[in-house]
Amino acid sequence: MINDKLPKLWYGGDYNPEQWDAATMEEDIRMFKLANIDIATVNVFSWAAIQPSEDTYDFSRLDSIIERLTQDNIYICLATSTAHHPAWMAHRYPDVTRVDYEGRKRKFGGRHNSCPNSPTYRKYSVELASRLAERYSSHEGLVVWHISNEYGGYCYCDNCAEAFRGWLKERYQTIEALNKAWYTSFWGHTFYDWAEIVPPNAISEEWAGNRTNFQTISLDYRRFQSDSLLVCFKLEYDAIRQHSKDVQITTNLMGTYPELDYFKWGKAMDVVSWDNYPSLDTPFSFTAMSHALMRGLKGGQPFMLMEQTPSQQNWQPYNSLKRPGVMRLWSYQGVAHGADTVMFFQLRRSIGACEKYHGAVIEHVGHEHTRVFREVTELGNELVKLGDELLDSRHQSKVGIVYDWENRWALDLTSGPTIDLKYVDQVHRYYDAFFKHNIQADMISVEEQFDKYEIVVAPVMYMVKPGFAEKVEAFVAGGGTFITTFFSGIVNENDIVTIGGYPGELRKVLGIWAEEIDALLPSQSNEIVMNEQYGKLNGTYSCNILCDLIHSEGAEVLATYGTDFYKGMPTLTRNAFGKGDAWYVATNGDDAFLSDLVETIIDQRGIKPLVEPVAGVEVTERVKGEHRYLFVLNHNAEEAKVNLGDIAGVDLLTDREVSGEVQVPQKGVMIIKR
Ligand code: GLA
Ligand code: ZN
């Protein structure tokens, strides 16, 4: 449990009463009680109010906010306010503001804007965290700490440059080792002295955000900036821990956000929390994958759904309203995948600045007679009814899908072979194929234990880090099924090609080697032609983006290319290796191909779907002790009939016994306990 003071799915969200007068706050609290809201995230953006000048701290407003909320049993998620610095700080200490990608020194403005290597920022953010912890750690209302907010963005200032050199010295020890790793013999970029090294951005090695002359320099800068922000988090973490011994500490992450290596971050957090902002047309399996990824950061531990909008965002190009029932459905989707809280941004809409059109529990009209408030209240009642039932329940997945931020960076930065290869999309395509078969999958890091799973999929495993190939070999030899795709096994952790034939270190387990890689124009496609029916795989499928021209060196060839000069070369192979098998998918097959591939493999392994798949109906299971909780989520706009097979139990939301064929209303949810 995140904190047993509040043993239920926490319900509430970001609350900014500093924007309002005391009478408004009274009204808010009255309405929070109506909706069964029991947690407020406060103090997210109040640094300027708490520290109006360098030597003054004033906690009086925060004291009264916390007191008032606690009086009415609304618990506190206490933020440290360090996601933006006060104006006086930027004015007096220029090291606080960042230098941007174009090399421009930023002035005061925006948020998430402090240089992570600024001595001033570090000093004062730690000081603030420490004072907050000293003051509030024993407060009865406090249930969780929330450091900063949505860490992100990079800085290219001189302090960062200096810290980067220090980081590099630690990583490479000698300038010779750095030159080797960075491959600086290319274009005569040899460094003779650490002092010559500058950050890669638009005024040095990079352009357009992810184009670079030297992939390894750019890769290392991403690692370094992610680490720098993580140091800021850890400094505040330690400062809080000095005073607050047992309240858990988090910071809110952002799903597949590209800039930070969240698997590293997860290790430093007590509990993961994240902000979920799909748009109306985001595939719901993508949201499911994002939840699973956040759950994966701490090896399956439940996480906090820290933010979602009750109705609409403001920052998307088209900020559609969540249709009736959708807020509830998407909230339970989070819970289904491991969230132990349901929280919103925000509880009351602001009336000025850029978020005034962002949805909130309390809308501009100011009263409770709105659709949004009614839906929030209905969900609040249900969460009270669910009590502590689902808390801490876990997932037991047979499939692990590897996701790796460094691999993503390397792929984003690579020059060639195509601009159409998008790592996250590729991972999602495989996640989605299992998802549509009602096979639950975990999202795992390259460091995760593989033998927990029957099937491990590592789409586009371009970068193979030390030990990874051995781990795959041991997993497969022990009986596991491993699947990887085109453009895998190409480089090591420094983005240096493993010579001797692709897929490099994975060649042995896969029993193939790739000679060339063809990039297809957007208008082109090729074919995957099955030699004969194999499981569900049969006939011809379409493929595009990249085609690896591979040779078998022991693997069984199941399909070959249908056209072009490499017609007849293998495109799908399966290599028996020890007690298991390793599959190579040499191209980007269409949806029908992926669906048939997944079905073939799960059939072969005897893995059964949770229940028979129905289009648009999502099914996930959480387990606690001897109880199993089956979530059935109907994303369709019409009622769905779902056959529960031999599952029978009680729907916790209606208390009805259910079994056999059940009707799930449009956008409806069932949580079946057995
Ligand atoms: C992020 C931030 C919030 C708010 C919301 C709006 O998640 O953390 O402060 O800006 O976006 O969607
Ligand atoms: Zn900086």
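The listed residues are GLN524, GLN533, and the only one of them that is farther than 18 Å from LEU421 by Cβ and without any contact (Cβ under 8 Å) to a residue 24 or more places away in the chain turns out to be GLN533.
Would you check which residues across the range 86-111 are open to solvent by less than 100 Å² (accessible area, probe 1.4 Å), part of a loop (DSSP other than H, G, I, E, B) and within 13 Å of ligand 2 (Cβ to nearest atom) and list them? Within the range 86-111, TYR93, ARG98, ASP100, TYR101, GLY103 qualify.
Selection over the range 139-178 of residues that are free of Cβ contacts under 8 Å to residues at least 60 places away in the same chain, part of a loop (DSSP other than H, G, I, E, B) and either of a type outside the set (Phe, Trp, Tyr) or out of contact with any Phe, Trp or Tyr (no Cβ under 9 Å at 6 or more places or on another chain) (or both) gives a count of 2. Which ranges mark the helices (runs of 4 or more DSSP H) fully within the range 1-83 that have 1 or more residues being aromatic (Phe, Trp, Tyr)? Once the helices (runs of 4 or more DSSP H) in the range 1-83 are filtered for at least 1 residues that are aromatic (Phe, Trp, Tyr), what remains is 22-34, 47-50. Residues of the range 114-164 that are within 16 Å of ligand 1 (Cβ to nearest atom) and surrounded by fewer than 20 Cβ atoms within 10 Å (Cβ to Cβ): GLU150, GLY152, GLY153.
Checking the condition farther than 22 Å from ASN526 by Cβ, of a type in the set (Lys, Arg) and open to solvent by 10 Å² or more (accessible area, probe 1.4 Å), which residue from LYS579, LYS567 passes? Criteria check complete, one pass: LYS579.
Only one of the numbered conditions (1) free of Cβ contacts under 8 Å to residues at least 12 places away in the same chain; (2) more than 14 Å from ligand 2 (Cβ to nearest atom); (3) of a type outside the set (A, V, I, L, M, F, W, C) is violated by SER130, and that is (1). When restricted to residues that are over 17 Å from ARG92 (Cα atoms) and in contact with a Lys or Arg (Cβ under 7 Å, 6 or more places away or on another chain), the range 105-135 contains 0. I'd like the full set of residues that are open to solvent by 50 Å² or more (accessible area, probe 1.4 Å) and either touching a residue at least 12 places away in the same chain (Cβ under 8 Å) or within 16 Å of ligand 2 (Cβ to nearest atom) (or both), limited to the range 37-63. Within the range 37-63, PHE45, ALA48, ALA49, PRO52, ARG61 qualify.
If the condition is being small (Gly, Ala, Ser) and open to solvent by 10 Å² or more (accessible area, probe 1.4 Å), then the range 240-273 contributes only ALA268. Among residues that are touching a Phe, Trp or Tyr at 6+ places or on another chain (Cβ under 6 Å), within 16 Å of ligand 2 (Cβ to nearest atom) and not in a strand (DSSP E or B), THR120 is included. Of the residues screened, ASP404 is not one that is farther than 20 Å from ARG295 by Cβ, in contact (Cβ under 8 Å) with a residue 60 or more places away in the chain and not polar (S, T, N, Q). If you go through the range 300-314 and keep only what is in contact with a Leu (Cβ under 6 Å, 6 or more places away or on another chain) and either open to solvent by less than 10 Å² (accessible area, probe 1.4 Å) or within 16 Å of ligand 2 (Cβ to nearest atom) (or both), you end up with just SER311. Checked against (1) outside any loop (DSSP other than H, G, I, E, B); (2) under 30 Å from ARG328 (Cα atoms); (3) not hydrophobic (A, V, I, L, M, F, W, C), ASP581 passes all but a single condition, namely (2). Only one entry in LEU293, LEU347, LEU297 is surrounded by 18 or more Cβ atoms within 10 Å (Cβ to Cβ), within 14 Å of ligand 1 (Cβ to nearest atom) and not aromatic (Phe, Trp, Tyr), namely LEU347.
If only residues of the range 173-200 that are out of contact with any helix residue (DSSP H, G or I) (no Cβ under 6 Å at 6 or more places or on another chain) and hydroxyl-bearing (Ser, Thr, Tyr) are counted, the one that is most open to solvent (accessible area, probe 1.4 Å) is TYR192.
State yes or no: is SER397 touching a residue at least 12 places away in the same chain (Cβ under 8 Å), among the polar types (S, T, N, Q) and in contact with a Lys or Arg (Cβ under 7 Å, 6 or more places away or on another chain)? Against the criterion (touching a residue at least 12 places away in the same chain (Cβ under 8 Å), among the polar types (S, T, N, Q) and in contact with a Lys or Arg (Cβ under 7 Å, 6 or more places away or on another chain)), SER397 does not qualify.
Across the range 316-344, the qualifying residues are those that are over 19 Å from the mean Cα position of the chain (by Cα) and within 15 Å of ligand 1 (Cβ to nearest atom), and the one among them that is nearest to ASN381 (Cα to Cα) is MET327. Comparison of TYR534, TYR584, TYR502, TYR561 shows that the only residue that is surrounded by 23 or more Cβ atoms within 10 Å (Cβ to Cβ), in contact with a helix residue (DSSP H, G or I) (Cβ under 9 Å, 6 or more places away or on another chain) and among the hydroxyl-bearing types (Ser, Thr, Tyr) is TYR584.
Only residues that are closer than 21 Å to VAL247 by Cα and of a type in the set (Gly, Ala, Ser) were counted in the range 123-168, giving 8.
Just checking, does the range 508-520 include any residue being under 21 Å from THR600 (Cβ atoms) and assigned to a strand (DSSP E or B)? Checking the range 508-520: at least one residue is under 21 Å from THR600 (Cβ atoms) and assigned to a strand (DSSP E or B).
The values are calculated or read from the model by the stated rules, or taken from the named source; none is laboratory data. Remember, predicted model here, so these are calculated numbers, not experimental data. FYI the Cβ positions are ideal-geometry reconstructions off the backbone, even for glycines, and counts take in every protein chain you see. Surface areas here come from the heavy atoms of the whole protein model, side chains and all, with no ligands, DNA or RNA. Shrake-Rupley method; radii C 1.70, N 1.55, O 1.52, S 1.80 Å.
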